[in-house]
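Each remark here refers to the structure printed beneath this line.
The values are calculated or read from the model by the stated rules, or taken from the named source; none is laboratory data. It should be emphasised that the depicted structure is a prediction, and the values quoted were computed from it without experimental measurement. Because the Cβ atoms are built from the backbone with ideal geometry, glycine has one as well, and the counts that use them run over all protein chains shown. Just the protein is used for accessible areas: all its heavy atoms, side chains included, with ligands, DNA and RNA removed. Shrake-Rupley method; radii C 1.70, N 1.55, O 1.52, S 1.80 Å.
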Amino acid sequence: MTQLWDFAGGIHPPENKHQSTARPIRTAEVPERLVLPLQQHIGEPAAAVVEAGDRVLKGQVIADVADGLGVPVHAPTSGVIDSISELPVPHPSGMTDRCIVLRPDGEDEWIQLHPATNYRERERTEVLELIRNAGISGMGGAGFPSNIKLRPPKERKVDTLILNGAECEPYITADDMTMRERADDIVAGLKIMAWILRPGRCIIGIEDNKPEAVEALRTAIEGTQIELAVIPTKYPSGGEKQLIQILTGMEVPSGGIPADIGVMCQNVGTAVAVGHAVLEGKPLISRVVTITGEAVREPGNFDALLGTPIDHLLAQAGLMPEQVNRLVLGGPMMGYTLTTTAVPVIKTSNCVIAATATELPAPPPEQPCIRCGQCAEACPMELLPQQLFWHAKATEFEKAEHLNLFDCIECGACSYVCPSSIPLVQYYRYAKGEIRVQRAEQLKADRARERFEARQRRLEREQQEKEQRRKERAQAAAEAQAKKKAEAERAAAEGSAVDERAAKAALVEQALARKKAKADAGKPAAAAEVPAPTPEKPDLEALEKQLTQAQSKLETMQGMLEDAKAQQADNVDKLERAVAKNHDRVQRAETALAEARQQLAAESPTTD
């Protein structure tokens, strides 16, 4: 027999479970339309992969998560996509969210299924991918994607796998009826998870107020090494951390997870879904939902397609609208009031309570705290609810967090026993929400500061590089100037200084002479009889000297230009213009010398 321990605190509220266990699980009728939210679990919302007007088959993926934490959404039956729009979803705030609306066609036509009955011959990663592709998330709590939970870090070896069948919340019997009627499916799914994790122990924990479920599972585990632990009925023994403490005697550290102590918890509904996904190839498209309360004639459990509107299930349970005072999604301890019955069943929906005014009356007005300490005695996490309440009410969130506010599992035990009717859990939820908002804003500010500091460093680095380049150009220019000066001094010492003015004057005179000669050639014959002045004989020696000096200057400037380009100096453009100018001078000098030589050749006497 499995050794049991106890946990601190806890309460014993009225169970009210017998109302919904008198009938077997009924298959809910298919509604006229199914509303499938794109986010049905913790993590990233899925993105639609279909459009309005598309016909889809039962089990077909209609939304998926490309990146991040999440699993796909499948069509619960065959039909046509009616729309993708904002519609009410199950949430305490009554918010709307993106939903795919599917109109069933009545044919219930499946996609081609691919069972993996030989899963033991496959790689574990492949089986985990099958579970992920089946869209399975935890069906007993917040809905954490199962494939992620079944893949703990290597340094966190799971020694104990616990299947949670405690179902301690009043009114809810979905897991109880599942264990009674589908015990073999539960064990099949548990074996698959155990094959993936390879734990040393597998334990199924059930409260002792479910004798039929205990007998059904005891029969199903015969011949296996799975342990069945029947635990005392006390709320919230079905909480993950409390059940771990009851079955192993170990406590999950503050701020930690069960994997930190080598333990993993899974829900019985999740085990059924895993078994169907691997052994039959079927994705998660339905779940068992408890419909109960004194305002329905035939309370019970329904196997409902995901996306089924709550009002459709209430109608099948015989809702008496005139008697309904309050509709609660979930249990009376941790559930929340529905603002509309148009919200659909999602993967984490397990119960709807249609309560009368006497069954779940409105809470009395909040009174001042009398410091009785009953909340501290009832707290299963051994927190200080009274101090947490004061700090939350005074918006002293840092102090509340210092008192381990986030260890609160929001079970509602403290609010249940409070004689002053203080909604303690609501204060804790408010404080947690504000702290999360502050953390998000701080993270955003930190990222903005990091981006600003990175930009400042980049600008400073660019400025330093620019200054370094400027210094290098200035140094190169100074070196080029010094080289130019040295070359000029050397040229002067060698007597090769250029008198540019004389060269220019000689060129101008030659040009004027050519112009005058052309004008004289165009005068009339009478004028031609007037003897023209004898043109001045050109000085070939001077012109040759001018050409030599111009060529020398061009070579010098070209050398300076090449040095400036190699050093990336600032005066590159200026030197290029100077080289071009000197190149023109060389051409003019060459032209003048050629014309002078032609003139002299024409004037020289012809030798017979």
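Brief remarks follow.
- Number of residues in segment 333-358 that are surrounded by 20 or more Cβ atoms within 10 Å (Cβ to Cβ) and farther than 25 Å from Leu306 by Cβ equals 0.
- Of all residues in segment 53-78, those satisfying the criterion of being farther than 23 Å from Pro90 by Cα and either open to solvent by 10 Å² or more (accessible area, probe 1.4 Å) or free of Cβ contacts under 8 Å to residues at least 24 places away in the same chain (or both) are Gly53, Asp54, Arg55, Leu57, Lys58, Gln60, Ala66, Asp67.
- Residues located in segment 197-219, provided they are open to solvent by 20 Å² or more (accessible area, probe 1.4 Å) and either farther than 28 Å from Cys411 by Cα or of a type in the set (D, E, K, R) (or both): Arg198, Pro199, Gly200, Arg201, Asp208, Glu212, Glu215, Ala216, Arg218, Thr219
- Within segment 415-444, being closer than 25 Å to Tyr235 by Cα, without any contact (Cβ under 8 Å) to a residue 60 or more places away in the chain and open to solvent by 40 Å² or more (accessible area, probe 1.4 Å) holds for Pro419, Gln426, Tyr427, Arg429, Tyr430.
- Checking Phe397, Phe302 one by one, the residue that is out of contact with any Lys or Arg (no Cβ under 8 Å at 6 or more places or on another chain) and among the aromatic types (Phe, Trp, Tyr) is Phe397 and no other.
- Residues in segment 144-187 that are in a helix (DSSP H, G or I) and over 30 Å from Glu44 (Cβ atoms): Asp176, Met177, Met179, Arg180, Glu181, Ala183, Asp184, Val187.
- So Pro332, is it part of a loop (DSSP other than H, G, I, E, B), of a type outside the set (A, V, I, L, M) and within 27 Å of Ala362 (Cβ to Cβ): yes
- Residue satisfying all of: in segment 528-585; within 15 Å of Gln481 (Cα to Cα) and β-branched (Val, Ile, Thr); modelled with the lowest pLDDT among these: Val572
- Tallying residues that are among the basic types (Lys, Arg) and either closer than 17 Å to Cys265 by Cβ or open to solvent by less than 60 Å² (accessible area, probe 1.4 Å) (or both) within segment 145-181 yields 4.
- Residue count, segment 188-213 (criterion: farther than 13 Å from Val272 by Cβ, aliphatic (A, V, I, L, M), in contact with a helix residue (DSSP H, G or I) (Cβ under 8 Å, 6 or more places away or on another chain) and part of a helix (DSSP H, G or I)): 2
- Residues of segment 359-400 satisfying the condition of being free of Cβ contacts under 8 Å to residues at least 40 places away in the same chain and open to solvent by 70 Å² or more (accessible area, probe 1.4 Å): Pro361, Ala362, Arg371, Leu384, Trp390, Lys393, Thr395, Glu398, Lys399
- For segment 264-283, taking the residues that are among the aliphatic types (A, V, I, L, M) and more than 29 Å from the chain's Cα centre (by Cα), the one that is surrounded by the fewest Cβ atoms within 10 Å (Cβ to Cβ) is identified as Leu279.
- Every residue from segment 92-135 that is in contact (Cβ under 8 Å) with a residue 12 or more places away in the chain, open to solvent by 60 Å² or more (accessible area, probe 1.4 Å) and in a loop (DSSP other than H, G, I, E, B): Pro92, Gly106, Glu107, Asp108, Glu109, His114, Pro115, Thr117
- Residues in segment 222-238 that are farther than 16 Å from Glu169 by Cβ and open to solvent by less than 20 Å² (accessible area, probe 1.4 Å): Ala229 alone.
- Qualifying residue in segment 217-236 (condition: of a type outside the set (D, E, K, R), in a helix (DSSP H, G or I) and in contact with a strand residue (DSSP E or B) (Cβ under 9 Å, 6 or more places away or on another chain)): yes
- Matching residues, segment 377-403, being within 35 Å of the chain's Cα centre (by Cα) and small (Gly, Ala, Ser): Ala392, Ala394, Ala400
- Of all residues in segment 50-76, those being among the β-branched types (Val, Ile, Thr), touching a strand residue (DSSP E or B) at 6+ places or on another chain (Cβ under 6 Å) and part of a loop (DSSP other than H, G, I, E, B) number 2.
- Every residue from segment 17-49 that is touching a residue at least 40 places away in the same chain (Cβ under 8 Å) and outside any loop (DSSP other than H, G, I, E, B): Gln19, Ser20, Arg26, Thr27, Leu34, Val35, Leu36, Pro37, Ala48
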